[in-house]
Structure formats: structure tokens, C-alpha cells
Amino acid sequence: MTYREYNFDGLVGPTHNYAGLGSGNLASMASKDHVSSPKAAALEGLAKMKLLAELGVPQAVLPPQRRPHLGYLRSCGYGSDPAELLENAAKAGDEGRRNLAIASSASAMWAANAATVSCSNDTGDDRVHITIANLSSQRHRALESLERLRVFQHLFEDEEFFEVHPPLPSTLPDEGAANHTRLARWHHDCGISLFAFGRASADHSSTSATSRFFPRQVKEASKAIAEQHGLEPDSTVFVRQSAQAIASGVFHNDVICVGSEFVLLAHEAAFAAHDAIAEIVTIGTRRVSVLDRDSHLIVISEDELPLTDAVRSYLFNSQLVELSAAASAKALIYPAECDEVPAAKAAIERILREDNPITQAIRVDVRQSMKNGGGPACLRLRVVLSDEERAAVRGNVFWTPQLHETLVDWVNRHYRDHLTPADLADVRLYHESEAALDELREVLQLPVI
Ligand code: SUG
């Protein structure tokens, strides 16, 4: 049976803005109060999807969420109807403006945080298991999980093939696939799951006292997901992110490590234990001969690319995509910012020169998202599906040239060119967003939520 890795990309929403909400996320914090362009952001995302689809990489799209989140503003006590809620929040000082930003964030675009997905070849009951991330470490992100659950329950409704698990309790913070990597010899083989976590529940206070930023993912959340997906214990690896990396702005593991099938590209300081990468390789080799083919482990040293440059360039947030299964060739879809950081540029040149499966490096411009700390890989959720499973997915979400044209036209008609923090209080933005999302729901054939 043929299995392929689908990239489900999050469409950028009409309220995309820079509020500096991403704690531990240096780009988001540095962009606070800048003027955003929701239109440019959404078009950049669509151009990336088109690029990948035309390379032959299977592509799908996930909808933005309804923002501003009126329920959140009501829970803050700002009133009931939209105009009143926005006006009262905007008048309620710094806290009010922060709540307005929380309610307006378009953060659902970063689909890598949507869920953790296990391929049916790896799970106990041979079905695809999906756990919606609770994103409970950040208030604006925690608002995403319920609407997302409903959308995923619709898309992956067929119980013969899929099980969608609700978010874990908020006491077990979980950031989804951004901290999960599946390695397998081929997509159709069973694979190993690499779960990266920032802390264990028990080291709550000690970690916060010593670290510049609070780690987002707890080990117990990763363990609970592995268990409810029925992953075999000897096919899972739990590794702690290094505190040094988190302090340098690596709030998710996908900012410092990317793996696909039999290739793992990681910075040497990605994980806490010095020998974590060796352990991953050992388990991969022992369990399913994942990493024993030629030079499939590409480690970038601190000397070659200092952590600060890794975070500045987002090299490790590149996508690793299959160009040709027969030739085992992969392409590195890297953010344009890498070309502005000499060490990152040199690292890409080195990767291409050496003998490994990465034969092409293709630059993408997702600058609007990057300014909020979301690179090419943050914008997509990978779902490995067999042909049969793919046919069971509901909705009109798989990429076609026609869907692309429709979405480009939709963005051009509904999105603003510029958005300032003050614009978030404009009730017309709320109505524009509602109209846009109502129309999109029809296009993507999604239910009313
Ligand atoms: O959670 N930024 C997101 C970026 C997520 C990137 N995802 C992955 N690495 N997979 C975050 O920090 C900024 C929103 C704002 O500032 O308004 C934000 O939430």
C-alpha cells in the first residue's frame, strides 16, 4: 500500500498581527506593536503550499479560526455584543489591550502545534491517532484547541481509519507535533517517535527559577499521548530539550531539529543529554533500522552555527520533503532569512555538498509569519496517510490548482493590507473576518462551528 506524508498547512487568518504574545519566542517579542499585513501573510502561506504541491509533495489546507474570540472577551467581563466587547477591552488599560490581543491572535496558522499525529503503521489498532494539542502554556494559544477539535473531528470522522483524541487536561501542557518527530525507513514502514519535552511536571518551580524562559512541553503529556496512541514503548524516545537551547529562544523542538523518514537534521545543542542524538540513532537502528542507511544523521555543531544564529535564521525550521521515493532524494525548504545569516547559508551549502539524501535546497519567503516566530515547518502539520485513509478524509481540503486560485482570490477580496494594534478594536475587522470565514467554510466544505 502507498503511504504519503501530507502537509496540512494552516491558512493565515484575517487578524494576523504582532502583539508580542509568544513568550520564549524572540521573533514574536521583538515584533511587538509592528504593523502587520494579513494579506501578505496569507498569500505567502498559499505560495508555499503551491511550491510544495508543484514539487509533488501532497498538500492540504486547514482553516483559520474565528477571531476576535468573543467568548474569551466575555469571560474577561467586557460585555456581550461584539462592538461593546472590543471597545471595553481597548479602554481597559494595558490588561484590556493584552486581552484584546489574546482574543485576536491568528496563531492557529502554526499547524505544527495543532496536534500530535501517529501513522497507522505505528499505532496499537492500526488506525491514525491524532491528539489535539491543548497549548495550555500560552493563553492566546490555548484558545485554539476546542475549535480545532471540532474541525479535526469532522475531517477525520471515519472511525474505521481515525481516532481524534481531545486535548489533554491543561495541567499537562502539550504543544503538539512541534515537539514530535517520526522517523521511519519509509513512510510505509513502522517508525519510531521522538518526543522532545522541556520539563517534567515535578520540576515546575526549579526550572522556572533557573531558566530565562519557561519550557512549554511537559514529559507527562508526551507520555500520555504515546500511550493513548498505542505506540510501542521500544519505538518511542523521550528526550529533554536543552535548557541552553530554550534560553536561546528554542521554545519548540522544531526550531532546532527536523526529521523526516530516515533523515535527521539537528543542532548538537538541541537536547539536554550529551548523547541524546546517539541514543536516538541507537534506538532507530535497533528497532526498525531507521537510521542505518548511509549518512542520514546530519548534526550541526555550535562552531558551525551558533544557537543564536540557528534561532535567527530558523534553519532547523525548514521542511524536509520527499522529492523522489525511488532515489531517496529530499529537498530542504528553508526560510529566506537563512540567506541573511552567513553561518546558516554556509551550513546549507555544506549539507548540499556532502553525501546525504538532501539534494536540493529551496528558499521560501514566509516573512510575515517569521516575524511572529513561525517558519516554514511551523505552518504545517504532517499527516502520513495511505491512499485508503486519504480517501476517507472529509472536506475539500486537499490542494488543487483550482483550490489555490479560489483561495488567492478569497484572500485578495477579504484581507486587509495593513493592521496595527489599534485596529484590533475595530468592530469592522470582526465583521470582515466573519464574512471571510463564512465563505471559506463553504469552499472547504466544513461544518458550522
Ligand atoms: O507559539 N507565535 C507562536 C509561534 C509558533 C511557532 N510554531 C512552531 N515552532 N511549531 C508561538 O510562540 C506569536 C503571537 C503574537 O505575538 O501575537 C505566537 O504565538
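Every number here is computed from the coordinates shown, using simple stated rules; none is lab data. Every value quoted in this text rests on a predicted model; they were computed, and no experiment measured them. Here the Cβ is made from the backbone with ideal geometry for all residues, glycine too, and neighbour counts use every protein chain on show.
For Ala329, the residues whose amide H sits under 5 Å from its own are Leu323, Ser324, ignoring neighbours fewer than 5 places away on the same chain, with H placed 1.01 Å from N.
Between Ser324 and Asn396, how high is the FRET efficiency from 1/(1 + (r/R0)^6) when r is the Cβ-Cβ distance and R₀ = 45 Å? Nearest 0.05.
On the way: r = 28 Å, r/R0 = 0.63.
For Ser324 and Asn396, the calculated efficiency is 0.95.
Please report the spacing between the Cα centers of the range 173-191 and the range 101-129 in Å, no decimals. Between the Cα centres of the range 173-191 and the range 101-129 lies a distance of 11 Å. Just need the relative contact order of the chain here, percent rounded to a whole number, with Cα pairs under 8 Å and 6+ apart. Reported as a whole number, the value is 24 percent. Taking GluC sites (Glu not before Pro) across the range 390-449, none is in a DSSP loop with at most 14 further Cβ atoms lying within 10 angstrom of its Cβ.
For the range 15-74 versus the range 226-276, the spacing of their alpha-carbon centroids is 25 Å. Distances between placed amide hydrogens fall under 5 Å for Ala60 paired with Asn7, Phe8, Asp9, Trp399, all partners being 5 or more residues away or on another chain. Counting Lys +1, Arg +1, Asp -1, Glu -1, what net charge surrounds Ala83 among other residues with beta carbon under 12 Å of its beta carbon? Neighbour charge sum, excluding Ala83 itself: -3. Note that the range 72-77 has calculated 3J(HN,Hα) couplings of 5, 5, 5, 5, 7, x Hz, one per residue in order, obtained from phi through the Karplus relation 6.51 cos²θ - 1.76 cosθ + 1.60 (θ = phi - 60°); glycine and proline are x. Taking amide hydrogens as placed 1.01 Å from N in the peptide plane, the amide H of Ile362 sits under 5 Å from those of Leu332, Ile333, Tyr334, each at least 5 positions away in sequence or on another chain. For the range 292-375, the set of GluC sites (Glu not before Pro) satisfying both a DSSP loop assignment and a count of at most 14 other C-beta atoms within 10 Å is given as Glu302, Glu354. The lysine pair count for the chain, using Cα distances under 23 Å and pairs eight or more places apart or on different chains, is 12. Of the residues Leu172, Tyr18, Ala226, the one whose Cα sits farthest toward the positive end of the charge dipole of the chain, with +1 on the Cβ of Lys and Arg and -1 on the Cβ of Asp and Glu, is Tyr18.
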